[in-house]
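Undergrad: Submitted below is the structure of interest, expressed as structure tokens.
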Amino acid sequence: MKLYLTKSDCAMTNAVALDDMFLTKAMPTTAGSKMLDGYMSLFDAEVVTKLTEAGYEIAGKANVGEMAVDLLGETSYEGAVTDDNGTLLSASAEIAKEAKAVLCFDVNGAPRRAAAVSDLIFVKPTYGTVSRFGTVSSACSGETVGVMAKTVADAKAVLTAIAGHDDKDGTSLSDSQCEKILTTEKAVKKVAIAKSITASADDSVKADIEAAKKILSDNGVEVAEIDDEILTKAKAAWNILMSAELCNNVSRFDGVKYGYRSENYTTIEELYTNSRTEAFGELLKTMIIYGSDVLSTDNYMSFYDKAMRIRRVIAEKFAEIFAEYDAVMLPASSKKAFTKADTDANMYLAFDENLYTAPATITGLPAVVGGGVQLIGKAFSDSALMDAVKTIKEGK
Amino acid sequence: MKKYETVIGLEVHIELATKSKIFCSCSAEFGGEQNDHVCPACCGMPGMLPVTNKRVVDLGMTAGMMLNCEINRTTTFDKKNYYYPDLPCSYQTTQWFAPICVNGKVRIQTSKGEKDIRIKQIHMEEDAGKLVHDDWTDTSLVDYNRTSVPLIEIVSQPDFSSAEEVVAYLERLRSLLRFAKVSQCRMEQGSMRCDVNLSIREEGETKLGVRTEMKNMNSISAITRAIEYEVARHIDALENGTEELVQETRRWDDVKGKSYAMRSKETAGDYRYFPDPNVMPIVIDDEWFDSIKASLPEFPEVKKARFIDELGLSEYDADLITQSRAFCDCFEAAYKECGEAKEVANWLISDCMNMLNKKGSTMDQLKVDGTALGKLIKLVMESKVTRGNAKKILLVMDEETIDPEKYATENNFIVSNDTANIEKVIKEIVAADPKSVADYKGGKEKALMALFGKCMKTLKGNCDPQVLRKILLEEIDKA
Ligand SMILES: [Zn+2]
């Protein structure tokens, strides 16, 4: 069991750990892949610089699944983290129980699932409000730097330190836009429950949604169920887009310049093929093949282009929902625990669990997990979502 | 024998004259030590995100306007995937779905008259690095200095029917783009490269024949030879069945004068293009569009006509000066300062050209400031500086920014009107060299030249030659 890849001191009140998708000069960065075993970056991620400037201590690096696209970190080349019963543990979540917070790279919903199964808070802020400079690119159009913590207050404090414009990230929004996520302009007064997505989860998860519904109602929030048929399509669309972008992003790991290089080659083709075959894990390899396939000339229109169109339709659906509601409530995961046996039997489990996380990922909308629920709001409503999750958590 | 026609389309790659690379702040200068102009971004390390260099878009738009293109007001970047060690990210950022310019045309002039070549599109992209093979250790090394240097690719329609037309087009492109300061277009440095797509069909046939492509041609003469060779090879294959033509990429060996099929492995592949999620679509608003439009230069032929008609330059002089934007700019500024068009033209065509030739520089590398040149010409015309000394000052003006009058004063280049001093110098020299005086009096003209030269040297050239000659003759008479 290996939670930490590198550890200094987590006991300090201002200690923030990083999952291993963030580049640091002082510690190796591996992105959970043998390909980058021992890789030392020449520079720090922007968020690391910002945390340090705000007076936080970098407490260490948390184990992460290879390229942060798996269920709960089980594909790390350092091995899955489990408890004695074989229940999968998220390294970030375990560390978040000690440190003030852990910065996690949310690509495929893993940190949101981790917060859900560990009863922690995870804030995935509005896309473009936290710099991605110095993160190991995985699936750029959805990946977002988020904060995991025990309390909403801690998560928000750390988010305050890292949000803001960065010239080094072409998708970074202006400072005035970034600041909006930190103040509640309009409180959550009307919540829509995503009906079919919620219905597909385990009873224990559904019970959490029911409990949250009651707490919200007791606090004067109107809660209603909505038809979410279109939102269920986000899963397939994101699986396509994510695989394509991932395949492209990891193509730079070719054994030529840095990282793992096979000893077994005579030609450049063998150097590429053997280095990548020996260093990448099974899930990543499958996604590379799938991603290449959806981008091929024959399949582009029927897969990649269609997924892009679904992304637009889902964004339009959310806009329609937010004309009436302040937030959409749904689970962040189908279960309250996963075992190593689950992922051994089906390594693509994360692709299925995407049903719950992909709607916010694919649209770049803010999502806050806590108190057994996930709330998705319109762009820049992060603070209002955090307030609502706080209410739910405190009401339990 | 059947009659055939040649159908050629061109893809021309041009490196843009920006200071920095397209998505990072590294220098885009040609040369430098290997891997000197690199950073984590352009050598493919994780964590860096592309930040678009706005200047690249400026120059892409400028090129499009010079070539009569429509400008796409929303333009996007895409990723093109392939593995090669000179491509550090294993993808090239280029424009596939919404290139910056479409539907242009370029008018060319050949022995058969004028013709318009249609431009299909111009897109912006990044260059790749360079593989250097080390024979000593039998290893390949990579130089990333050129990776991410901005390029535009100008794609023509298949409108060419001869090598002559291709050459006329390339020269026209080069002239227009140099004029607009889009690129130096130096084929020998690889800042202008050309892919030639060629096929042959029977005259009157509407279907295109089998097409072959020759990539990365980098000299006009090689392109001409390659086209002529390929045309002959295609016709031979069609007429005599010497080989079966297949659609393929061929490599031109200019030394052997032959083209060779490249291994299919080097050319095959699905590039799996998709939009780059890290580069936001670029929206060109009216203000931006208009500012570029306003910055466009006068076309060279328009300038030339104006220089002849309004300023009275000869056809020859006007033609030579309008070969280069630097010469035109210098000419116009110098003319504005001194008002003597013909005199400025002489200085540019004889003195400046000589100076550049000696340095091995091109016309566009002229650094002389036009206003300063105009001031220098004024000094010569007012007889304040001799022409000989003015030439020396010109050499300095191509190295650093100086005020010619101040420089001439500080370095004793101002013609002296101090006849007393001139007489004193002449007297001394005449007195010290009775032999030359005697020789001259004995009819040896060369002796006078020797005395004249000695005087001029002692006076450091700061003397009106006419005055010097007059006084010298007087002193010889007295001697
Ligand atoms: Zn660079």
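Values in this text are rule-based calculations from the coordinates and carry no lab data. In this text, all values refer to a predicted model and were calculated from it rather than measured experimentally. Neighbour counts run over all protein chains shown; Cβ positions are idealised from the backbone, glycine included.
Undergrad: Would you work out the charge dipole size for the stretch B:298-410 about its Cα centre, treating the Cβ of every Lys and Arg as +1 and the Cβ of every Asp and Glu as -1, and quote it to the nearest 20 debye?
TA: In debye, rounded to 20, the stretch B:298-410 gives about 340.
Undergrad: Which semi-axis lengths, in whole Å and largest first, follow from the square roots of five times the eigenvalues of the Cα gyration tensor of the stretch B:247-358?
TA: 44, 28, 12
Undergrad: If I model a spin label at residue A:54 and residue B:244 as a point 7 Å from the Cα along the Cα→Cβ vector, what separation in nanometres do I get?
TA: My value for the distance between the label points is 6.8 nm.
Undergrad: Which distance in nm do the two modelled labels at residue B:4 and residue A:316 give, with both placed 7 Å along the Cα-to-Cβ direction?
TA: Here the modelled spin labels are 5.4 nm apart.
Undergrad: To the nearest 0.05, what FRET efficiency results for residue A:323 and residue A:232 with a Förster distance of 35 Å applied to their C-beta separation?
TA: 0.95
Undergrad: Any chance you could give the angle, 0 to 90 degrees and rounded to 10, that helix B:54-66 forms with the longest Cα principal axis of chain B?
TA: Taking Cα atoms only, the helix is inclined about 90 degrees.
Undergrad: If you don't mind, another one. Per residue of B:47-59, count partner chain C-beta atoms within 10 Å of its C-beta, then hand back the mean as an integer.
TA: 4
Undergrad: Just want the answer: with Cβ charges of +1 for Lys and Arg and -1 for Asp and Glu, which residue in A:151, A:133, A:91 is farthest toward the dipole's positive end in the stretch A:69-176?
TA: A:151
Undergrad: I need the calculated FRET efficiency for the pair residue B:416 and residue B:479, taking r as the beta carbon distance and R₀ as 25 Å, to the nearest 0.05. Provide the component values of the computation, followed by the final result.
TA: Values: r = 23 Å, r/R0 = 0.92.
That gives a FRET efficiency of 0.60.
Undergrad: Just the Cα atoms of the stretch B:419-478, one point each, no solvent: what log10 I(q)/I(0) does Debye give at q = 0.25 Å⁻¹?
TA: With no solvent term, the Cα-only Debye profile gives -1.03.
Undergrad: If contacts are Cα pairs under 8 angstrom and at least 6 residues apart, what is the relative contact order of chain B in percent?
TA: 13
Undergrad: What residue among A:371, A:55, A:259 shows peak mean-square fluctuation when chain A is described by a Gaussian network model with Cα springs under 10 Å?
TA: Between A:371, A:55, A:259, it is A:55 that shows the largest mean-square fluctuation.
Undergrad: Oh, and also: Karplus couplings for the stretch A:26-42 from phi (6.51 cos²θ - 1.76 cosθ + 1.60, θ = phi - 60°), rounded to Hz, Gly and Pro as x?
TA: Once θ is set to phi - 60°, the couplings for the stretch A:26-42 become 7, 10, x, 10, 10, 6, x, 10, 4, 3, 10, 3, x, 5, 10, 7, 7 Hz.
Undergrad: How big is the Kirkwood radius of the stretch B:283-348, worked out from every pair of different alpha carbons and given in Å to one decimal?
TA: About 12.9 Å for the stretch B:283-348.
Undergrad: Please give the peptides B:461-470, A:356-365 ranked by average Cβ packing (other Cβ atoms within 10 Å per residue), highest first, as a rough proxy for protection.
TA: Ranking, from highest mean packing down: A:356-365, B:461-470.
Undergrad: Once you keep just the Cα pairs under 8 angstrom separated by 6 or more residues, what percentage relative contact order results for the stretch B:340-479? Before the final figure, lay out each step's value.
TA: Working: 114 pairs, mean separation 31.6, N = 140.
Taking the mean separation of contacting Cα pairs over the length of the stretch B:340-479, I get 23 percent.
Undergrad: Can you tell which of A:319, A:68, A:379 shows the greatest fluctuation in a Gaussian network model of chain A with Cα springs below 10 Å?
TA: Looking only at A:319, A:68, A:379, the largest GNM fluctuation is found for A:319.
Undergrad: At 0.36 nm per residue, and after removing the present C-alpha to C-alpha distance, how many nm does the segment from residue B:449 to residue B:362 gain when stretched out fully?
TA: Taking residue B:449 through residue B:362 to full extension adds about 27.6 nm, to one decimal.
Undergrad: If you put +1 on each Lys and Arg Cβ and -1 on each Asp and Glu Cβ, how big is the dipole of the protein assembly as shown around its Cα centre, in Debye rounded to 20?
TA: The dipole magnitude comes to about 1520 debye.
Undergrad: Using the alpha carbons of the stretch B:4-283, what is the convex hull volume per residue in cubic angstrom, as a whole number? Intermediate results must be reported in sequence, preceding the final value.
TA: Working: hull volume 40.7 nm³, N = 280.
Considering the Cα atoms of the stretch B:4-283, their hull volume per residue is 145 Å³.
Undergrad: Once you compute Rg and the Kirkwood Rh from C-alpha atoms, what is the Rg to Rh ratio for the protein assembly as shown? Provide the component values of the computation, followed by the final result.
TA: Values: Rg = 36.1 Å, Rh = 32.1 Å.
Ratio of gyration radius to Kirkwood radius: 1.12.
Undergrad: Step through the residues of the stretch B:344-349 one at a time and calculate ³J(HN,Hα) from phi using the Karplus curve (6.51 cos²θ - 1.76 cosθ + 1.60, θ = phi - 60°), rounding each to whole Hz and writing x for Gly and Pro.
TA: So the J values, rounded to whole Hz, are 4, 4, 4, 4, 5, 6.
Undergrad: Hey, another quick one. With angles folded into 0 to 90 degrees, how steeply does helix B:445-458 sit against the dominant principal axis of chain B? Use alpha carbons for both and round to 10.
TA: 80
Undergrad: Okay, moving on. Counting each pair of different Cα atoms once, what's the Kirkwood radius of chain B in Å, rounded to one decimal?
TA: By the Kirkwood definition, the hydrodynamic radius is 26.7 Å.
Undergrad: Now for a different question. What percentages, rounded to whole numbers, describe P(r) for the stretch B:70-184 computed over all alpha carbon pairs with 10 Å bin width beginning at zero?
TA: All Cα pairs, binned at 10 Å, distribute as 12, 31, 30, 20, 7, 0 percent.
Undergrad: Which pairs, out of B:19/B:130; B:427/B:470; A:180/A:390; B:215/B:293; A:2/A:335; A:34/B:130, put more than 22 Å between their alpha-carbon atoms?
TA: B:215/B:293; A:2/A:335; A:34/B:130
Undergrad: Quick one: order B:403, B:135, B:477, A:342 by neighbouring beta-carbon count within 10 Å, fewest to most.
TA: B:135, B:477, B:403, A:342
Undergrad: Once the dipole of the protein assembly as shown is set up with Lys and Arg at +1 and Asp and Glu at -1 on Cβ about the Cα centre, which of B:479, A:333, A:346 lies farthest towards its positive end?
TA: Of the listed residues, the answer is B:479.
Undergrad: Shifting gears a bit: Taking H as built 1.01 Å from N, whose amide H comes closer than 5 Å to the amide H of residue A:165, not counting residues under 5 places away?
TA: A:175
Undergrad: Let me ask something else about it. For residue A:62, enumerate residues with amide H under 5 Å from its amide H, sequence gap 5+ or separate chain, H modeled in the peptide plane.
TA: When sequence neighbours closer than 5 places are left aside, the close amide H contacts are A:5, A:18, A:19, A:20.
Undergrad: Here is a follow-up. How much length would be gained if the chain were fully extended between residue B:457 and residue B:29, taking 0.36 nm per residue of separation minus their Cα-Cα distance, in nm to one decimal?
TA: 149.7 nm
Undergrad: If you don't mind, there's one more thing I want to ask. Please find the FRET efficiency linking residue B:164 to residue A:42, where r is the Cβ-Cβ separation and R0 is fixed at 45 Å, and quote it to the nearest 0.05.
TA: Details: r = 52 Å, r/R0 = 1.16.
Efficiency, from the Cβ-Cβ distance: 0.30.
Undergrad: Can you spot the aspartates and glutamates whose alpha carbon is less than 18 Å from residue B:375's alpha carbon? Ignore those fewer than 8 places along the same chain.
TA: The reachable aspartates and glutamates, counting only those whose Cα sits under 18 Å from residue B:375, are B:329, B:332, B:337, B:340, B:343, B:351, B:398, B:399, B:400, B:403, B:405, B:410.
Undergrad: Give the residue list of trypsin sites (Lys or Arg not before Pro) in the stretch B:152-242 that are DSSP loop and have at most 11 other beta-carbon atoms within 10 angstrom.
TA: Here the sparse-neighbourhood loop sites are B:207.
Undergrad: Projecting each Cα onto the charge dipole of the protein assembly as shown (Lys/Arg +1, Asp/Glu -1 at the beta carbon, about the Cα centre), which of A:223, A:277, B:338 comes out farthest on the positive side?
TA: Farthest along the dipole direction, towards plus: B:338.
Undergrad: Taking every DSSP beta bridge with both residues inside the protein assembly as shown, roughly what % is antiparallel (nearest 5)?
TA: Approximately 80 percent, going by the DSSP bridge assignments.
Undergrad: Still on this model: Can you put B:311, A:283, A:103 in order, fewest other beta carbons within 10 Å first?
TA: B:311, A:283, A:103
Undergrad: Which order results if B:133, B:13, A:165 are arranged by neighbouring Cβ count within 10 Å, fewest first?
TA: Details: B:133 10, B:13 20, A:165 16.
Going from least to most buried by this count: B:133, A:165, B:13.
Undergrad: Under 5 Å between amide hydrogens, which residues at least 5 positions from residue A:133 or on another chain qualify, with H placed 1.01 Å from N in the peptide plane?
TA: A:46
Undergrad: Something else: Residue B:382 label point, 7 Å along Cα→Cβ, cut-off 12 Å on backbone N: hits in the stretch B:327-357?
TA: B:338
Undergrad: Sticking with this one: Using only Cα atoms, find the angle between the long axis of helix A:234-249 and the longest principal axis of chain A, and express it within 0 to 90 degrees, rounded to the nearest 10.
TA: For helix A:234-249, the angle is close to 30 degrees.
Undergrad: For q = 0.11, 0.14 Å⁻¹, what log10 I(q)/I(0) does chain A give under the Debye formula with an equal point scatterer on each alpha carbon and no solvent?
TA: Scattering profile of chain A, log10 relative to I(0): -0.73, -1.22.
Undergrad: How large, in Å, is the stretch B:289-426 by the Kirkwood hydrodynamic radius built from its alpha-carbon pairs?
TA: When all Cα pairs of the stretch B:289-426 are included, the Kirkwood radius is 16.1 Å.
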